[in-house]
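First up is the structure itself, then whatever we jot down about it.
The values are calculated or read from the model by the stated rules, or taken from the named source; none is laboratory data. This is a predicted model, so every value here is computed, not measured. Positions of Cβ are backbone-derived with ideal geometry, glycine not excepted, and every protein chain shown enters the neighbour counts. When the accessible area is computed, the model is the full protein with side chains, heavy atoms only, and any ligands, DNA or RNA have been set aside. Shrake-Rupley method; radii C 1.70, N 1.55, O 1.52, S 1.80 Å.
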Amino acid sequence: MKCFLLPIVFFSMFVCFSQEQTKLKILESPEFYDDVKSNEVISMHTSESGLIGIVRNSKKHLLFDIFNESLGRIKNVTIETDRDENYCGYLSFDNVMKIFTVFELTKKDRIVYCHEFNINDGSHKKTELFKAEVEKNQSLFSGSNKRQTGFAMSPNGDYFVISTDDIKKNANSYTVRVYKSSDLSLVYQKAYQENVEKFYQPNDLFIDNSANVFALGKLFLEGRSQKKDGKANYDFVLNKLTETSSKTTPVNFNTNEHISSLIISNSNGQIRLLGFYSEKNVSAIKGTLVFNVDTESMQITQSKAFKLPENVYKDLYSETVADRKKDQELSSFYVDYLIEDKEGNTYLLAEEFYVTTVYVSMGMNGGYWQTVYHYDDVMVLKLNAQGDLEWGRSIFKRATAPSYNAFVKNGELHVILNSGKNLVEKEDGRVKVSKGLFESSSLYDIVFNSKGETTYSKIQDNKNNTFYLPFYGIFNDERFITISDGSGKKQFLILE
(Lines give C-alpha, C1' and ligand atoms only; values in the text may rest on other atoms or scores of the structure.)
Protein backbone atom coordinates (compact mmCIF):
# COMPACT_ATOMS: atom_id res chain seq x y z
CA MET A 1 0.00 0.00 0.00
CA LYS A 2 2.81 2.43 0.84
CA CYS A 3 4.45 1.77 -2.55
CA PHE A 4 1.14 2.57 -4.26
CA LEU A 5 0.53 5.85 -2.45
CA LEU A 6 4.01 7.29 -2.90
CA PRO A 7 3.82 8.07 -6.63
CA ILE A 8 0.35 9.57 -6.22
CA VAL A 9 1.59 11.97 -3.54
CA PHE A 10 4.61 12.87 -5.68
CA PHE A 11 2.42 13.47 -8.72
CA SER A 12 0.07 15.70 -6.72
CA MET A 13 3.01 17.78 -5.52
CA PHE A 14 4.18 18.11 -9.11
CA VAL A 15 0.90 19.32 -10.65
CA CYS A 16 -0.15 21.73 -7.89
CA PHE A 17 1.14 25.25 -8.44
CA SER A 18 1.75 27.98 -5.93
CA GLN A 19 -1.08 30.47 -5.40
CA GLU A 20 -0.63 33.95 -4.03
CA GLN A 21 -2.70 35.24 -1.15
CA THR A 22 -5.52 37.53 -2.27
CA LYS A 23 -4.80 41.25 -2.26
CA LEU A 24 -8.27 41.93 -0.88
CA LYS A 25 -8.54 42.79 2.80
CA ILE A 26 -10.14 39.90 4.73
CA LEU A 27 -12.41 40.46 7.74
CA GLU A 28 -14.72 38.13 9.68
CA SER A 29 -17.73 39.08 11.78
CA PRO A 30 -18.49 37.90 15.31
CA GLU A 31 -20.38 34.60 15.46
CA PHE A 32 -24.14 34.54 15.96
CA TYR A 33 -26.72 31.80 16.45
CA ASP A 34 -30.25 31.08 15.18
CA ASP A 35 -33.17 29.69 17.14
CA VAL A 36 -34.74 28.51 13.86
CA LYS A 37 -32.56 26.43 11.54
CA SER A 38 -32.09 27.88 8.08
CA ASN A 39 -29.51 27.32 5.35
CA GLU A 40 -31.17 29.15 2.47
CA VAL A 41 -30.17 32.80 2.03
CA ILE A 42 -32.81 34.59 -0.04
CA SER A 43 -31.39 38.10 -0.15
CA MET A 44 -28.76 40.41 1.33
CA HIS A 45 -28.92 44.20 1.00
CA THR A 46 -27.17 47.27 2.41
CA SER A 47 -29.26 50.29 3.43
CA GLU A 48 -28.34 53.93 2.76
CA SER A 49 -27.10 54.23 6.34
CA GLY A 50 -24.74 51.24 5.99
CA LEU A 51 -26.82 48.69 7.87
CA ILE A 52 -26.96 45.22 6.33
CA GLY A 53 -30.19 43.26 6.03
CA ILE A 54 -30.35 39.55 5.33
CA VAL A 55 -33.44 37.40 4.76
CA ARG A 56 -33.31 33.62 4.95
CA ASN A 57 -35.89 30.94 4.37
CA SER A 58 -36.78 27.89 6.44
CA LYS A 59 -39.57 25.35 6.22
CA LYS A 60 -42.06 27.41 8.25
CA HIS A 61 -40.38 30.81 8.72
CA LEU A 62 -38.73 33.82 7.14
CA LEU A 63 -35.72 35.04 9.14
CA PHE A 64 -34.84 38.74 8.97
CA ASP A 65 -31.58 39.97 10.53
CA ILE A 66 -29.99 43.42 10.73
CA PHE A 67 -26.24 43.92 11.16
CA ASN A 68 -24.18 47.06 11.72
CA GLU A 69 -21.15 47.98 9.58
CA SER A 70 -18.94 45.82 11.83
CA LEU A 71 -21.35 42.93 11.15
CA GLY A 72 -22.56 42.63 14.71
CA ARG A 73 -26.20 41.50 14.76
CA ILE A 74 -28.42 44.20 16.24
CA LYS A 75 -31.85 42.73 15.49
CA ASN A 76 -33.43 39.38 14.63
CA VAL A 77 -37.04 38.99 13.47
CA THR A 78 -38.62 35.58 12.83
CA ILE A 79 -41.81 35.58 10.73
CA GLU A 80 -43.99 32.48 10.66
CA THR A 81 -45.33 31.64 7.20
CA ASP A 82 -48.41 29.65 6.26
CA ARG A 83 -48.07 25.94 5.60
CA ASP A 84 -48.63 26.27 1.84
CA GLU A 85 -46.84 29.60 1.44
CA ASN A 86 -43.66 29.40 -0.63
CA TYR A 87 -40.94 31.90 -1.57
CA CYS A 88 -40.95 32.98 -5.23
CA GLY A 89 -38.79 36.12 -5.63
CA TYR A 90 -37.21 39.23 -4.13
CA LEU A 91 -36.37 42.88 -4.87
CA SER A 92 -34.41 45.43 -2.81
CA PHE A 93 -33.92 49.19 -2.97
CA ASP A 94 -32.72 51.83 -0.47
CA ASN A 95 -33.79 50.62 2.98
CA VAL A 96 -36.46 48.05 2.11
CA MET A 97 -36.19 44.40 1.13
CA LYS A 98 -39.24 42.95 -0.62
CA ILE A 99 -39.73 39.19 -0.42
CA PHE A 100 -42.53 37.67 -2.50
CA THR A 101 -44.38 34.47 -1.61
CA VAL A 102 -47.18 32.43 -3.19
CA PHE A 103 -49.90 30.88 -1.05
CA GLU A 104 -51.84 27.89 -2.41
CA LEU A 105 -55.33 28.72 -1.23
CA THR A 106 -56.88 25.84 -3.22
CA LYS A 107 -55.72 23.57 -6.04
CA LYS A 108 -56.50 26.39 -8.48
CA ASP A 109 -56.37 29.62 -6.45
CA ARG A 110 -53.12 31.40 -5.59
CA ILE A 111 -52.42 34.51 -3.49
CA VAL A 112 -49.22 36.51 -3.97
CA TYR A 113 -47.90 38.31 -0.88
CA CYS A 114 -45.17 40.89 -0.42
CA HIS A 115 -43.19 40.81 2.84
CA GLU A 116 -41.46 44.16 3.37
CA PHE A 117 -38.48 44.28 5.73
CA ASN A 118 -37.20 47.75 6.64
CA ILE A 119 -33.49 47.58 7.45
CA ASN A 120 -33.32 50.90 9.27
CA ASP A 121 -36.10 50.34 11.80
CA GLY A 122 -36.40 46.54 11.75
CA SER A 123 -40.10 46.57 10.91
CA HIS A 124 -41.98 43.95 8.89
CA LYS A 125 -45.20 44.25 6.90
CA LYS A 126 -47.07 41.58 4.93
CA THR A 127 -49.38 42.73 2.12
CA GLU A 128 -51.61 40.76 -0.22
CA LEU A 129 -50.85 41.91 -3.77
CA PHE A 130 -53.25 39.88 -5.90
CA LYS A 131 -55.11 36.61 -6.39
CA ALA A 132 -54.77 34.44 -9.48
CA GLU A 133 -56.24 31.23 -10.80
CA VAL A 134 -54.15 28.49 -12.36
CA GLU A 135 -54.97 25.22 -14.04
CA LYS A 136 -53.86 21.98 -12.40
CA ASN A 137 -50.10 21.45 -12.17
CA GLN A 138 -49.39 24.84 -13.75
CA SER A 139 -46.97 27.27 -12.14
CA LEU A 140 -47.76 30.94 -11.66
CA PHE A 141 -44.16 31.89 -12.47
CA SER A 142 -41.80 30.57 -15.12
CA GLY A 143 -39.26 28.37 -13.40
CA SER A 144 -37.17 27.03 -16.26
CA ASN A 145 -34.50 29.73 -16.25
CA LYS A 146 -31.56 30.01 -13.87
CA ARG A 147 -32.14 33.74 -13.53
CA GLN A 148 -35.08 35.39 -11.76
CA THR A 149 -37.36 36.51 -14.60
CA GLY A 150 -40.69 37.17 -12.89
CA PHE A 151 -39.73 40.30 -10.90
CA ALA A 152 -37.98 43.57 -11.75
CA MET A 153 -37.55 47.04 -10.21
CA SER A 154 -37.06 50.37 -11.98
CA PRO A 155 -33.56 51.90 -11.70
CA ASN A 156 -34.86 54.70 -9.44
CA GLY A 157 -36.77 52.23 -7.24
CA ASP A 158 -40.15 53.94 -7.74
CA TYR A 159 -41.85 51.00 -9.47
CA PHE A 160 -41.65 47.24 -9.62
CA VAL A 161 -43.28 44.72 -11.94
CA ILE A 162 -44.44 41.14 -11.48
CA SER A 163 -44.91 38.91 -14.51
CA THR A 164 -47.08 35.78 -14.24
CA ASP A 165 -47.92 32.89 -16.55
CA ASP A 166 -51.60 32.55 -17.37
CA ILE A 167 -51.38 29.35 -19.41
CA LYS A 168 -54.79 27.86 -19.97
CA LYS A 169 -55.73 24.53 -21.47
CA ASN A 170 -56.39 25.94 -24.93
CA ALA A 171 -54.63 29.31 -24.76
CA ASN A 172 -51.34 30.91 -23.88
CA SER A 173 -51.11 34.32 -22.20
CA TYR A 174 -49.07 36.32 -19.69
CA THR A 175 -49.78 39.25 -17.40
CA VAL A 176 -47.63 42.01 -15.94
CA ARG A 177 -48.69 43.96 -12.87
CA VAL A 178 -46.91 47.24 -12.12
CA TYR A 179 -46.87 48.59 -8.54
CA LYS A 180 -45.66 51.71 -6.77
CA SER A 181 -42.86 50.73 -4.42
CA SER A 182 -43.81 53.31 -1.81
CA ASP A 183 -47.30 52.04 -0.96
CA LEU A 184 -47.65 48.82 -3.05
CA SER A 185 -50.58 50.31 -4.95
CA LEU A 186 -51.33 48.82 -8.38
CA VAL A 187 -50.48 51.23 -11.21
CA TYR A 188 -51.74 49.04 -14.05
CA GLN A 189 -52.20 45.45 -15.15
CA LYS A 190 -51.61 44.29 -18.73
CA ALA A 191 -51.99 40.95 -20.49
CA TYR A 192 -49.71 40.16 -23.42
CA GLN A 193 -48.80 37.34 -25.82
CA GLU A 194 -52.35 36.03 -25.74
CA ASN A 195 -52.23 33.29 -28.36
CA VAL A 196 -54.15 30.09 -28.94
CA GLU A 197 -51.67 28.64 -31.44
CA LYS A 198 -48.19 29.77 -30.38
CA PHE A 199 -46.36 29.18 -27.08
CA TYR A 200 -44.30 31.99 -25.50
CA GLN A 201 -41.44 31.48 -23.02
CA PRO A 202 -40.27 34.49 -20.92
CA ASN A 203 -36.51 35.09 -20.80
CA ASP A 204 -36.02 38.46 -19.11
CA LEU A 205 -37.91 41.43 -17.66
CA PHE A 206 -37.14 45.14 -17.26
CA ILE A 207 -39.08 48.23 -16.11
CA ASP A 208 -37.88 51.79 -16.68
CA ASN A 209 -38.34 54.89 -14.52
CA SER A 210 -41.57 55.77 -16.36
CA ALA A 211 -43.17 52.40 -15.53
CA ASN A 212 -42.80 51.07 -19.09
CA VAL A 213 -42.26 47.30 -19.03
CA PHE A 214 -40.04 45.39 -21.46
CA ALA A 215 -40.55 41.63 -21.58
CA LEU A 216 -38.13 39.55 -23.64
CA GLY A 217 -38.90 35.99 -24.64
CA LYS A 218 -39.11 33.21 -27.21
CA LEU A 219 -42.21 32.91 -29.43
CA PHE A 220 -42.36 29.33 -30.68
CA LEU A 221 -43.36 28.64 -34.27
CA GLU A 222 -44.91 25.21 -33.66
CA GLY A 223 -45.46 23.39 -30.38
CA ARG A 224 -42.91 23.84 -27.59
CA SER A 225 -39.79 22.12 -28.91
CA GLN A 226 -36.63 24.25 -29.11
CA LYS A 227 -35.64 22.69 -32.42
CA LYS A 228 -37.35 21.47 -35.56
CA ASP A 229 -35.42 19.82 -38.39
CA GLY A 230 -32.20 20.96 -36.74
CA LYS A 231 -33.20 24.64 -36.77
CA ALA A 232 -34.54 27.00 -34.12
CA ASN A 233 -38.28 26.58 -33.65
CA TYR A 234 -38.71 30.07 -32.20
CA ASP A 235 -38.18 33.77 -32.72
CA PHE A 236 -36.98 36.12 -30.01
CA VAL A 237 -39.42 39.00 -29.46
CA LEU A 238 -39.27 42.12 -27.28
CA ASN A 239 -42.59 43.32 -25.84
CA LYS A 240 -43.13 46.91 -24.67
CA LEU A 241 -46.08 47.22 -22.30
CA THR A 242 -47.66 50.41 -20.95
CA GLU A 243 -50.97 51.14 -19.29
CA THR A 244 -52.58 51.94 -22.66
CA SER A 245 -50.56 50.02 -25.24
CA SER A 246 -48.71 46.85 -26.15
CA LYS A 247 -46.13 46.50 -28.91
CA THR A 248 -43.99 43.56 -30.00
CA THR A 249 -40.75 43.71 -32.01
CA PRO A 250 -38.96 40.65 -33.45
CA VAL A 251 -35.26 40.39 -32.66
CA ASN A 252 -33.42 39.02 -35.69
CA PHE A 253 -29.78 38.86 -36.67
CA ASN A 254 -29.07 36.44 -39.50
CA THR A 255 -31.19 33.67 -40.94
CA ASN A 256 -28.13 31.38 -40.98
CA GLU A 257 -27.46 31.82 -37.28
CA HIS A 258 -29.51 30.81 -34.24
CA ILE A 259 -29.91 33.09 -31.23
CA SER A 260 -29.57 30.70 -28.31
CA SER A 261 -30.20 33.16 -25.46
CA LEU A 262 -30.71 36.88 -24.77
CA ILE A 263 -30.98 39.11 -21.69
CA ILE A 264 -31.77 42.80 -21.20
CA SER A 265 -29.02 45.24 -20.23
CA ASN A 266 -29.71 48.82 -19.15
CA SER A 267 -26.59 50.98 -19.42
CA ASN A 268 -27.04 54.73 -18.80
CA GLY A 269 -30.65 54.57 -19.97
CA GLN A 270 -29.79 52.65 -23.14
CA ILE A 271 -31.43 49.26 -23.48
CA ARG A 272 -29.28 46.55 -25.01
CA LEU A 273 -29.98 42.90 -25.61
CA LEU A 274 -26.98 40.68 -24.95
CA GLY A 275 -26.67 36.99 -25.62
CA PHE A 276 -25.21 34.12 -27.60
CA TYR A 277 -25.62 32.76 -31.12
CA SER A 278 -24.76 29.56 -32.94
CA GLU A 279 -24.16 28.61 -36.55
CA LYS A 280 -25.29 25.02 -35.92
CA ASN A 281 -28.15 24.63 -33.44
CA VAL A 282 -30.04 26.35 -30.66
CA SER A 283 -28.16 24.69 -27.80
CA ALA A 284 -24.64 25.61 -28.98
CA ILE A 285 -22.60 28.84 -28.77
CA LYS A 286 -20.36 30.29 -31.46
CA GLY A 287 -20.20 33.86 -30.24
CA THR A 288 -21.94 36.77 -28.55
CA LEU A 289 -24.55 39.22 -29.83
CA VAL A 290 -25.29 42.86 -28.98
CA PHE A 291 -28.51 44.61 -30.02
CA ASN A 292 -29.17 48.32 -29.36
CA VAL A 293 -32.87 49.16 -28.98
CA ASP A 294 -34.67 52.45 -29.58
CA THR A 295 -37.37 52.11 -26.92
CA GLU A 296 -39.55 54.86 -28.39
CA SER A 297 -39.87 53.43 -31.90
CA MET A 298 -39.19 49.85 -30.69
CA GLN A 299 -36.64 49.32 -33.44
CA ILE A 300 -33.31 47.52 -33.36
CA THR A 301 -30.95 50.36 -34.27
CA GLN A 302 -27.71 48.37 -34.30
CA SER A 303 -26.67 44.73 -34.08
CA LYS A 304 -23.20 43.27 -33.61
CA ALA A 305 -21.82 39.75 -33.47
CA PHE A 306 -18.46 38.58 -32.16
CA LYS A 307 -17.01 35.10 -32.30
CA LEU A 308 -15.77 33.73 -28.99
CA PRO A 309 -12.08 34.63 -28.56
CA GLU A 310 -9.49 31.88 -28.83
CA ASN A 311 -8.63 32.17 -25.12
CA VAL A 312 -12.14 31.00 -24.19
CA TYR A 313 -11.29 27.62 -25.73
CA LYS A 314 -7.66 27.49 -24.61
CA ASP A 315 -8.69 27.92 -20.96
CA LEU A 316 -10.96 24.88 -21.26
CA TYR A 317 -9.14 22.50 -23.57
CA SER A 318 -5.66 21.50 -24.65
CA GLU A 319 -4.15 23.29 -27.67
CA THR A 320 -5.13 20.60 -30.17
CA VAL A 321 -8.61 20.06 -28.73
CA ALA A 322 -9.24 23.83 -28.59
CA ASP A 323 -8.72 24.13 -32.35
CA ARG A 324 -11.21 21.33 -32.94
CA LYS A 325 -13.74 22.66 -30.42
CA LYS A 326 -13.89 26.05 -32.14
CA ASP A 327 -15.66 24.32 -35.02
CA GLN A 328 -17.87 22.24 -32.72
CA GLU A 329 -18.96 25.27 -30.62
CA LEU A 330 -19.74 25.28 -26.89
CA SER A 331 -23.03 24.24 -25.31
CA SER A 332 -25.27 24.44 -22.22
CA PHE A 333 -24.06 27.86 -20.99
CA TYR A 334 -26.53 30.10 -19.13
CA VAL A 335 -25.96 33.72 -18.09
CA ASP A 336 -25.51 34.18 -14.33
CA TYR A 337 -24.14 37.72 -13.96
CA LEU A 338 -24.23 40.91 -15.99
CA ILE A 339 -21.97 43.46 -14.27
CA GLU A 340 -21.39 47.06 -15.40
CA ASP A 341 -18.46 49.10 -14.08
CA LYS A 342 -18.03 52.86 -13.70
CA GLU A 343 -16.44 53.19 -17.16
CA GLY A 344 -19.41 51.65 -18.93
CA ASN A 345 -17.80 48.25 -19.53
CA THR A 346 -20.04 45.20 -19.26
CA TYR A 347 -18.94 41.80 -17.96
CA LEU A 348 -21.02 38.81 -18.99
CA LEU A 349 -20.53 35.62 -16.95
CA ALA A 350 -22.18 32.38 -18.07
CA GLU A 351 -21.95 28.96 -16.46
CA GLU A 352 -22.18 25.54 -18.08
CA PHE A 353 -25.22 23.85 -16.52
CA TYR A 354 -26.71 20.45 -17.27
CA VAL A 355 -28.35 17.51 -15.50
CA THR A 356 -27.48 13.81 -15.64
CA THR A 357 -28.88 10.69 -14.01
CA VAL A 358 -26.64 7.95 -12.63
CA TYR A 359 -27.43 4.54 -11.18
CA VAL A 360 -26.10 4.00 -7.65
CA SER A 361 -25.59 0.30 -6.90
CA MET A 362 -26.17 -0.99 -3.36
CA GLY A 363 -24.88 -4.52 -4.04
CA MET A 364 -27.29 -7.25 -3.01
CA ASN A 365 -29.87 -4.60 -2.04
CA GLY A 366 -30.23 -3.37 -5.61
CA GLY A 367 -29.75 0.34 -6.20
CA TYR A 368 -31.40 3.60 -7.18
CA TRP A 369 -31.23 6.36 -9.78
CA GLN A 370 -29.73 9.67 -8.64
CA THR A 371 -30.07 13.05 -10.35
CA VAL A 372 -26.78 14.96 -10.59
CA TYR A 373 -26.66 18.72 -11.25
CA HIS A 374 -23.52 19.97 -12.97
CA TYR A 375 -22.33 23.55 -12.46
CA ASP A 376 -19.17 23.44 -14.51
CA ASP A 377 -17.10 25.79 -16.70
CA VAL A 378 -17.58 29.57 -16.46
CA MET A 379 -17.25 31.82 -19.51
CA VAL A 380 -16.23 35.47 -18.94
CA LEU A 381 -16.68 38.13 -21.66
CA LYS A 382 -15.87 41.84 -21.47
CA LEU A 383 -17.70 44.37 -23.67
CA ASN A 384 -16.60 48.01 -23.71
CA ALA A 385 -18.89 51.05 -23.46
CA GLN A 386 -19.39 50.99 -27.26
CA GLY A 387 -20.65 47.41 -27.11
CA ASP A 388 -17.56 45.86 -28.72
CA LEU A 389 -16.04 42.64 -27.37
CA GLU A 390 -12.62 43.34 -25.80
CA TRP A 391 -11.72 39.87 -24.51
CA GLY A 392 -13.03 36.53 -23.40
CA ARG A 393 -11.70 33.95 -20.96
CA SER A 394 -12.93 30.83 -19.18
CA ILE A 395 -12.61 29.11 -15.82
CA PHE A 396 -12.09 25.34 -16.15
CA LYS A 397 -14.39 24.30 -13.29
CA ARG A 398 -16.32 21.33 -11.94
CA ALA A 399 -19.01 21.53 -9.23
CA THR A 400 -22.35 19.94 -8.31
CA ALA A 401 -23.97 23.01 -6.71
CA PRO A 402 -24.10 26.79 -7.33
CA SER A 403 -20.66 27.85 -6.15
CA TYR A 404 -19.47 31.26 -7.31
CA ASN A 405 -20.10 34.99 -7.20
CA ALA A 406 -18.54 37.92 -9.06
CA PHE A 407 -17.94 41.66 -8.71
CA VAL A 408 -15.79 44.44 -10.18
CA LYS A 409 -13.47 46.41 -7.91
CA ASN A 410 -10.76 48.90 -8.96
CA GLY A 411 -11.11 47.95 -12.62
CA GLU A 412 -10.68 44.21 -12.00
CA LEU A 413 -13.22 41.39 -12.12
CA HIS A 414 -13.17 39.09 -9.09
CA VAL A 415 -14.71 35.61 -9.16
CA ILE A 416 -15.04 34.13 -5.64
CA LEU A 417 -15.54 30.38 -5.26
CA ASN A 418 -14.68 27.26 -3.26
CA SER A 419 -12.50 24.56 -4.79
CA GLY A 420 -9.95 21.92 -3.80
CA LYS A 421 -7.22 22.85 -1.32
CA ASN A 422 -4.70 23.21 -4.14
CA LEU A 423 -5.64 24.13 -7.67
CA VAL A 424 -4.16 21.91 -10.35
CA GLU A 425 -2.13 23.13 -13.31
CA LYS A 426 -2.10 20.65 -16.17
CA GLU A 427 0.92 20.06 -18.40
CA ASP A 428 -0.58 22.29 -21.12
CA GLY A 429 -0.88 25.23 -18.67
CA ARG A 430 -4.62 25.06 -17.99
CA VAL A 431 -5.78 25.47 -14.39
CA LYS A 432 -8.51 23.11 -13.19
CA VAL A 433 -10.83 24.40 -10.45
CA SER A 434 -12.33 21.34 -8.76
CA LYS A 435 -12.29 19.34 -5.53
CA GLY A 436 -11.18 15.71 -5.26
CA LEU A 437 -13.23 13.10 -3.41
CA PHE A 438 -11.04 13.07 -0.28
CA GLU A 439 -9.53 16.53 -0.70
CA SER A 440 -10.16 19.42 1.68
CA SER A 441 -11.29 22.72 0.18
CA SER A 442 -10.15 26.34 -0.04
CA LEU A 443 -11.80 29.65 -0.87
CA TYR A 444 -10.33 31.39 -3.93
CA ASP A 445 -10.29 34.80 -5.58
CA ILE A 446 -9.83 34.48 -9.36
CA VAL A 447 -8.95 37.93 -10.72
CA PHE A 448 -9.21 39.18 -14.32
CA ASN A 449 -7.47 42.51 -14.94
CA SER A 450 -8.60 45.06 -17.53
CA LYS A 451 -6.79 43.14 -20.31
CA GLY A 452 -8.19 39.76 -19.34
CA GLU A 453 -5.02 38.45 -17.70
CA THR A 454 -5.88 35.95 -14.93
CA THR A 455 -4.51 35.53 -11.40
CA TYR A 456 -5.53 32.69 -9.06
CA SER A 457 -5.34 33.81 -5.42
CA LYS A 458 -6.25 31.98 -2.22
CA ILE A 459 -8.40 33.61 0.46
CA GLN A 460 -8.19 30.80 3.02
CA ASP A 461 -7.91 27.06 3.52
CA ASN A 462 -11.31 25.92 4.75
CA LYS A 463 -9.97 23.18 7.00
CA ASN A 464 -10.19 24.35 10.64
CA ASN A 465 -11.77 27.59 9.39
CA THR A 466 -15.34 28.73 8.81
CA PHE A 467 -16.77 27.50 5.49
CA TYR A 468 -18.36 30.37 3.53
CA LEU A 469 -20.90 30.35 0.68
CA PRO A 470 -19.88 32.97 -1.92
CA PHE A 471 -22.92 32.20 -4.09
CA TYR A 472 -25.13 33.97 -1.51
CA GLY A 473 -22.95 37.06 -1.18
CA ILE A 474 -23.54 40.71 -2.10
CA PHE A 475 -21.22 43.47 -3.32
CA ASN A 476 -22.04 46.92 -2.02
CA ASP A 477 -19.98 50.04 -1.22
CA GLU A 478 -16.82 48.34 -2.56
CA ARG A 479 -17.25 45.42 -0.11
CA PHE A 480 -18.17 41.82 -0.83
CA ILE A 481 -20.02 40.13 2.03
CA THR A 482 -21.03 36.48 2.27
CA ILE A 483 -22.38 34.16 4.95
CA SER A 484 -21.16 30.85 6.37
CA ASP A 485 -22.62 27.39 5.89
CA GLY A 486 -24.42 25.41 8.59
CA SER A 487 -27.68 25.66 10.52
CA GLY A 488 -26.30 26.57 13.96
CA LYS A 489 -23.37 28.95 14.34
CA LYS A 490 -23.23 31.67 11.67
CA GLN A 491 -20.56 34.15 10.60
CA PHE A 492 -19.89 36.69 7.85
CA LEU A 493 -16.85 37.11 5.63
CA ILE A 494 -15.98 40.59 4.29
CA LEU A 495 -13.63 41.21 1.35
CA GLU A 496 -12.69 44.82 0.64
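Annotation for T357 and N464: the two label points, set 7 Å from Cα along the Cα-Cβ direction, are 4.5 nm apart.
Taking max minus min of the alpha-carbon positions on each principal axis, the stretch 71-129 gives extents of 43, 21, 16 Å, largest first. In straight-distance terms, cross-link reach from K247 covers every one of the aspartates and glutamates whose alpha-carbon lies under 15 Å from its own, apart from those fewer than eight places away in the same chain; here that gives E194, D294, E296. Charge tally for V213 (other residues, Cβ to Cβ under 9 Å; Lys, Arg +1; Asp, Glu -1): +1. Just the number, please: carbon plus sulfur as a percent of the accessible area of the chain, 1.4 Å probe, no ligands or DNA/RNA counted. Using a 1.4 Å probe with all protein chains present, the chain comes out at 46 percent carbon and sulfur. Computed from the C-beta positions of N476 and D388, the FRET efficiency with R₀ = 30 Å rounds to 0.55.
If the chain linking A191 and E48 were pulled fully straight, counting 0.36 nm for each residue of separation and taking away their Cα-Cα distance, it would gain 47.9 nm. Loop-located GluC sites (Glu not before Pro) in the stretch 45-91 (DSSP state not H, G, I, E or B) with no more than 16 neighbouring Cβ atoms inside 10 Å: E48, E69. Binning the alpha carbon pair distances of the stretch 253-315 at 10 angstrom intervals from zero yields the distribution 22, 46, 26, 5, 0, expressed in whole percent.
In whole angstrom, the stretch 240-370 maps to an equivalent ellipsoid with semi-axes of 35, 21, 15, each derived as √(5λ) from the alpha carbon gyration tensor and ordered largest first.
The Kirkwood radius of the stretch 33-113, taken over pairs of alpha-carbon atoms, gives through the Stokes-Einstein law at 4 °C and 1.567 mPa s a diffusion coefficient of 95 µm² s⁻¹. Based on protein heavy atoms only, the chain ends up with 49 Å² per residue of surface accessible to a 1.4 Å probe. So if we plug the beta-carbon distance of S440 and T400 into 1/(1 + (r/R0)^6) with R0 = 22 Å, what FRET efficiency do we get, rounded to 0.05? That gives a FRET efficiency of 0.85.
Segment H374..K75, full-extension length gain: 103.9 nm, with 0.36 nm per residue of separation and the alpha-carbon distance subtracted. The Rg/Rh ratio for the chain is 0.96, where Rg is the radius of gyration of the alpha carbons and Rh is the Kirkwood radius. Spin-label model, T127/F32: points 7 Å from Cα along the beta carbon direction are separated by 2.6 nm.
Per-residue ellipticity at 222 nm from helix content only, as computed over the chain with -39500 (n - 2.57) for each DSSP H run of at least four residues, stands at -1500 deg cm²/dmol.
Put simply, the stretch 345-455 fits an ellipsoid with semi-axes of 33, 16, 11 Å; these come from the alpha carbon gyration tensor as the roots of five times its eigenvalues, largest first.
For K382, the aspartates and glutamates whose Cα falls under 13 Å of its own Cα, not counting residues fewer than eight places away in the same chain, are E340, D341, E343, E390, E412, E453.
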